[in-house]
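Right, one structure below, let's go through it.
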Amino acid sequence: MSYTVVWFKRDLRIADHAPLAHAAQQGPVLCLYVLEPSLWAQPDYAQQHYLFLQESLRDLARTLRALGADLQLAIGEVPEVLARLHAAAPFHTLASHEETGNGHTFERDKTVARWCLASGVVWREWPQHGVVRRLPTRDVWHARWQAHMHAPQVPTPACIEGRLLPWPTERWPAGSRFGLAEDAPPQRQHGGRSEALAVLHAFLDERSRQYRGGISSPLGAPTACSRLSPYLALGCLGMREVVQATRARIEALSGPDDGRQRQGLAAFLSRLHWHCHFIQKLESEPELEFRNLHRGYDGLREAEWNEAHFAALTAGRTGWPMVDACVAMLRETGWLNFRMRAMLVSVAAYPLWLHWRLVGLWLARQFIDYEPGIHWSQMQMQSGTTGINTTRVYNPIKQARDHDPQGRFVRHWLPAMRRVPDAWLFEPWRMPADVQARCGVRVGEDIPAPQVDLESATRAAKTRVHALRAQAEVREAKAAIVEKHGSRLRRPAARKPRGAAAARQQELDF
């Protein structure tokens, strides 16, 4: 008897899962996850992603088993696994969600499509999130997103007639088999739908009260932000599921003291919309992972790579306490709120004058919630190479004064800063020698000195970017980018945000 293979990728759930529901209606189903050595060899993935995946698959296997199916694990490259499976036990349909991943998965999916065509296998893909494949024009994207989010969720099958692989399943291998380092953030979030639902309900019920006003500071953000981003990235939760749950929660809030929470959840909804907006950019232009979105910026930073600046950034030794504390938090937790992420990229791109690609690969490995579409769009936006966005330069001293005025965040993550007097908290490298001796902190040894003068280096960087932006040919090329990617400029019945409101709209704090 023929059957359908449901290929799980970054959709590790059974709720609102159209490929699984469709396959269960057709007959026997083989639920497959392929652990791909080539994917885990990519420079944007790390051990923490591997462990999060393992936890999520374990949870998925448990829920599938309750429906009568076993999750089958195969290790190898997807086209070869499918060919081997088809030769041993022919199947007629491959069912999966569309995926907007990194360049490697994009090329892999094209290879799978060619194999299916040559082998007479029908590959049916369903959209996930609010991303539209082969989008004809950005003018229709917002309406498509809204239609998808308002549509009913696909019912979970009551039972599944499961199939097994025609060969013995392998045990889950250690990450070292794929060249992954053994270290992972000790305080990272854990994977799985059970964990995701607990985080979702805690946010909707209580933590969303802190959302407005709480997501910018690294002190309040760990609880004020939803913390759903890693579960959305791996599909433990569906975007439509989260949007509809959030809308239902807003409608349920009717008390006189619920205004702030309603406002917070409304702001969260807008960020879910922006989540898909940015992934759509990568779907429509996969090259933005590798090349400047505006090609007029090619050559701006590439030829001036400074290895010492990069080493200082990745080691958390830039000398700017807020930057180094954020790097320390990333090492321990795998997470950082959006404003601090933007600050890290801004510091890398402007005073340290580093190209976004290698910085982006490093940060992708640090973020437990790495989502390629959002990540690479934001890397370019904060580095000023999209050609359509306002230059955003975050001063790390100002960010510390604004969001950590008592130094609680910095002193938590940088123990040496606990001995630095308050008067020198924001610029400790300026401490006189006698003050260093009294507090027992030596600049250049116990704490690093900055690699560059922040003010002059930032000014020089902005001058170079703005000079390039002013060139006629660079200005002329901007229109095509706006037409292809600038959906918010044409959203029906929407006013353009201005000033601080415009900046806030860009913050994808989940």
> Given the conditions (1) in a helix (DSSP H, G or I); (2) at pLDDT below 80; (3) crowded, with 16+ Cβ neighbours inside 10 Å, which single one is not true for ALA500?
Replying inline: (3)
> In segment 105-121, is there at least one residue being hydrophobic (A, V, I, L, M, F, W, C), touching a residue at least 60 places away in the same chain (Cβ under 8 Å) and under 26 Å from THR169 (Cα atoms)?
Replying inline: no
> In this structure, is GLY259 farther than 30 Å from GLU182 by Cα, without any contact (Cβ under 8 Å) to a residue 12 or more places away in the chain and open to solvent by less than 30 Å² (accessible area, probe 1.4 Å)?
Replying inline: yes
>> Anything in segment 401-419 that is among the hydrophobic types (A, V, I, L, M, F, W, C) and open to solvent by 10 Å² or more (accessible area, probe 1.4 Å)? List them, or say none.
In response: TRP413, LEU414, ALA416
> What pairs come up if the first residue lies in segment 185-196 and is more than 16 Å from GLY334 (Cβ to Cβ), the second is assigned to a loop (DSSP other than H, G, I, E, B), and their beta carbons are under 8 Å apart, counting only those six or more places apart or on different chains?
Replying inline: ARG193/LEU12; ARG193/ARG13; ARG193/ALA15; ARG193/CYS236; ARG193/LEU237
> Of (1) touching a residue at least 40 places away in the same chain (Cβ under 8 Å); (2) in a helix (DSSP H, G or I), TYR394 satisfies all except one. Which?
Replying inline: (2)
> All but one of (1) surrounded by 21 or more Cβ atoms within 10 Å (Cβ to Cβ); (2) closer than 28 Å to GLU289 by Cα; (3) in contact with a strand residue (DSSP E or B) (Cβ under 7 Å, 6 or more places away or on another chain); (4) of a type outside the set (S, T, N, Q) hold for LEU71; which doesn't?
Replying inline: (2)
>> List the residue pairs whose Cβ atoms are under 7 Å apart, where the first residue sits in segment 9-24 and is more than 14 Å from GLY68 (Cα to Cα), the second is at pLDDT below 95, and the two are 6 or more positions apart or on different chains.
In response: ASP11/GLN128
> Given (1) in contact with an Asp or Glu (Cβ under 7 Å, 6 or more places away or on another chain); (2) open to solvent by less than 10 Å² (accessible area, probe 1.4 Å), where does ILE397 come up short, assuming only one miss?
Replying inline: (2)
> For segment 428-457, how many residues meet the condition of being open to solvent by 30 Å² or more (accessible area, probe 1.4 Å), in a helix (DSSP H, G or I) and free of Cβ contacts under 8 Å to residues at least 60 places away in the same chain?
Replying inline: 8
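Here's the yes/no breakdown for (1) open to solvent by less than 20 Å² (accessible area, probe 1.4 Å); (2) touching a Phe, Trp or Tyr at 6+ places or on another chain (Cβ under 7 Å); (3) of a type in the set (Ser, Thr, Tyr):
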site: PRO43; (1), (2), (3): no, no, no
site: GLN48; (1), (2), (3): yes, no, no
site: LEU51; (1), (2), (3): no, no, no
site: GLU80; (1), (2), (3): no, no, no
site: PRO90; (1), (2), (3): no, no, no
site: SER119; (1), (2), (3): no, no, yes
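The values are calculated or read from the model by the stated rules, or taken from the named source; none is laboratory data. It should be emphasised that the depicted structure is a prediction, and the values quoted were computed from it without experimental measurement. Glycine also receives a Cβ, built like all others from the backbone with ideal geometry; neighbour counts cover every protein chain displayed. The area values use the complete protein model at the heavy-atom level, side chains included, leaving out ligands, DNA and RNA. Shrake-Rupley method; radii C 1.70, N 1.55, O 1.52, S 1.80 Å.
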